[in-house]
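Asks: This is the structure, below, for whatever I ask next.
The values are calculated or read from the model by the stated rules, or taken from the named source; none is laboratory data. These figures come from a predicted structure and were not determined experimentally. No Cβ is skipped: glycine too gets one built from the backbone with ideal geometry, and neighbour counts run over all protein chains shown. The area values use the complete protein model at the heavy-atom level, side chains included, leaving out ligands, DNA and RNA. Shrake-Rupley method; radii C 1.70, N 1.55, O 1.52, S 1.80 Å.
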Amino acid sequence: MTDQTRPWPTGGPDQPSDQPGPDRQPPTPWLTGSIIVFGVLILTALAVIIVLLATDDGGQDIDTGTSTTGTASSLPDSSDPAATSTTAATSTTTTTSSSTTTDSSTSTTPSTTSTSATTATTTTAPDPTMTAVWPFAGSSNLYDDPVDAARGFAEEYVGFDDPIVGPFLSGDTRSGEVEIRAATGGPITTVFVRQLVGESWWVLGSAAEGLELTEPEALDEITSPVELTGEATAGSGRVTLQLRADGFAILADEDLDVSPDQSTPFATTFEFTLPDEAGGAVLLTTTDADGRILGATAIRIRFSSPT
């Protein structure tokens, strides 16, 4: 008799896993998809319910604008007077905060603008004509020739009578000097000239033989009283010291007691009223017995502003 292996009963408890029964078919794709969609819908519905519950807190809304600063506050119904007051207070607080931010950012701008303004001021060049004795600053009487400028200074400013004017002696392309004599063989007054504005020539000062100023120095700023020192020789006449403001005004003057034939030191003090003009000159002249100007030393000075 031949042994025959008895087949496993269909659906029996001992059926091997590689022979599934009819009731263990794998799920179909549409069923899996339906389950996923259903799960997503349930989660979405729960999320919506949670948001609605969080928003509807007794009829009050959440101030999401305030919560961004880390403090959440509810805005009550506007029909309630107390709620209106709270709303106004909250709005005011928010506005103040914004204003503070604006002021803070605005304060940075003036600081930057102020720096620019200070740099522009420090780079402003002074008026070059304020360094000239003649012609006066702002004058319309300008000279396009250095010899004419020296002549005008000698005759109109100092008071030479028909002086002998020498040629222009160039120092560089824009400056030089011109020699002035009251008469042939007389002492020389050297007039220093320079082009300061465009092509116009200006007189910076002068120096004469036997007339020396040591204090103040050219372009010094002075106030009253001022001490003036130097050395001078009178020759056959006299030596006069003057303090002038632009426009010919004589603020103070004095005849100096010096030797007629040798250089004599001098020191004197002038008290004067500060003029409206910003500048002027110290003028040291020598004259003959007839009062005719023989030589002149002039330096440019500035006046201190009144305190």
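Asks: Which of the residues spanning the range 215-242 are of a type outside the set (Ser, Thr, Tyr) and without any contact (Cβ under 8 Å) to a residue 40 or more places away in the chain? Give the derivation first.
Replies: Quick first cut of the range 215-242, residues of a type outside the set (Ser, Thr, Tyr) only: 215-222, 225-228, 230-232, 234-235, 237-239, 241-242.
Correct list: GLU215, GLU231.
Asks: Sticking with this structure for a sec: LEU211 passes all but one of (1) closer than 18 Å to PHE160 by Cα; (2) of a type outside the set (Phe, Trp, Tyr); (3) surrounded by fewer than 19 Cβ atoms within 10 Å (Cβ to Cβ); which number fails?
Replies: All conditions are met except number (3).
Asks: Report yes if some residue within the range 251-271 is among the aromatic types (Phe, Trp, Tyr) and touching a Gly at 6+ places or on another chain (Cβ under 7 Å); otherwise report no. Reasoning before the result, please.
Replies: Narrowing the range 251-271 to residues among the aromatic types (Phe, Trp, Tyr): 266, 270.
Filter once more, keeping what is touching a Gly at 6+ places or on another chain (Cβ under 7 Å): 266.
Yes, the range 251-271 contains a residue that is among the aromatic types (Phe, Trp, Tyr) and touching a Gly at 6+ places or on another chain (Cβ under 7 Å).
Asks: Residue check: is ALA150 part of a strand (DSSP E or B), touching a Ser or Thr at 6+ places or on another chain (Cβ under 9 Å) and touching a residue at least 40 places away in the same chain (Cβ under 8 Å)? Please lay out each step first, then the result.
Replies: Working: part of a strand (DSSP E or B): no; touching a Ser or Thr at 6+ places or on another chain (Cβ under 9 Å): yes; touching a residue at least 40 places away in the same chain (Cβ under 8 Å): yes.
No, not satisfied.
Asks: So, in the range 231-245, of the ones that are assigned to a loop (DSSP other than H, G, I, E, B) and not polar (S, T, N, Q), which residue ends up farthest from PHE270 (Cα to Cα)?
Replies: First pass over the range 231-245, keeping only residues assigned to a loop (DSSP other than H, G, I, E, B): 233-237.
Remaining after also requiring not polar (S, T, N, Q): 234-235, 237.
Working: ALA234: 21, GLY235: 24, GLY237: 23 Å.
Checked the range 231-245; the qualifying residue farthest from PHE270 (Cα to Cα) is GLY235.
Asks: Got a number for residues in the range 170-199 being closer than 26 Å to PRO126 by Cβ and buried (at least 17 other Cβ atoms within 10 Å of the Cβ)?
Replies: Residues of the range 170-199 that are closer than 26 Å to PRO126 by Cβ, as a first pass: 170-178, 190-199.
Going one step further and asking which of them are buried (at least 17 other Cβ atoms within 10 Å of the Cβ), we end up with 176-178, 190-196.
The total comes to 10.
Asks: Here's another thing I want to ask about it. Quick one: PHE192 ticks every box in (1) in contact (Cβ under 8 Å) with a residue 24 or more places away in the chain; (2) within 14 Å of ALA132 (Cα to Cα) except a single one, so which number is it?
Replies: Only one criterion in (1) in contact (Cβ under 8 Å) with a residue 24 or more places away in the chain; (2) within 14 Å of ALA132 (Cα to Cα) is unmet by PHE192, namely (1).
Asks: Output the number of residues of the range 239-297 satisfying the condition of being more than 14 Å from VAL158 (Cβ to Cβ), under 38 Å from the mean Cα position of the chain (by Cα) and aromatic (Phe, Trp, Tyr).
Replies: Total meeting the criteria: 1.
Asks: Of the conditions (1) in contact (Cβ under 8 Å) with a residue 40 or more places away in the chain; (2) open to solvent by less than 30 Å² (accessible area, probe 1.4 Å); (3) assigned to a strand (DSSP E or B), ALA267 satisfies every one except a single condition; which number is it?
Replies: (2)
Asks: Cβ-Cβ below 7 Å, separation at least six or inter-chain, first residue in the range 247-258 and free of Cβ contacts under 8 Å to residues at least 24 places away in the same chain and more than 12 Å from VAL282 (Cβ to Cβ), second open to solvent by 50 Å² or more (accessible area, probe 1.4 Å) and aromatic (Phe, Trp, Tyr): which pairs?
Replies: none
Asks: Looking only at the range 132-163, filter to residues that are open to solvent by 50 Å² or more (accessible area, probe 1.4 Å) and more than 23 Å from THR240 (Cβ to Cβ); which one of those is modelled with the lowest pLDDT? First the steps, then the outcome.
Replies: In the first step, residues of the range 132-163 are kept if they are open to solvent by 50 Å² or more (accessible area, probe 1.4 Å); the result is 138, 140-142, 144-145, 148, 151, 155-156, 161-162.
Applying the additional criterion that residues be more than 23 Å from THR240 (Cβ to Cβ) yields 138, 140-142, 144-145, 148.
Values: GLY138: 82, SER140: 85, ASN141: 86, LEU142: 94, ASP144: 96, ASP145: 97, ASP148: 98.
In this case the residue turns out to be GLY138.
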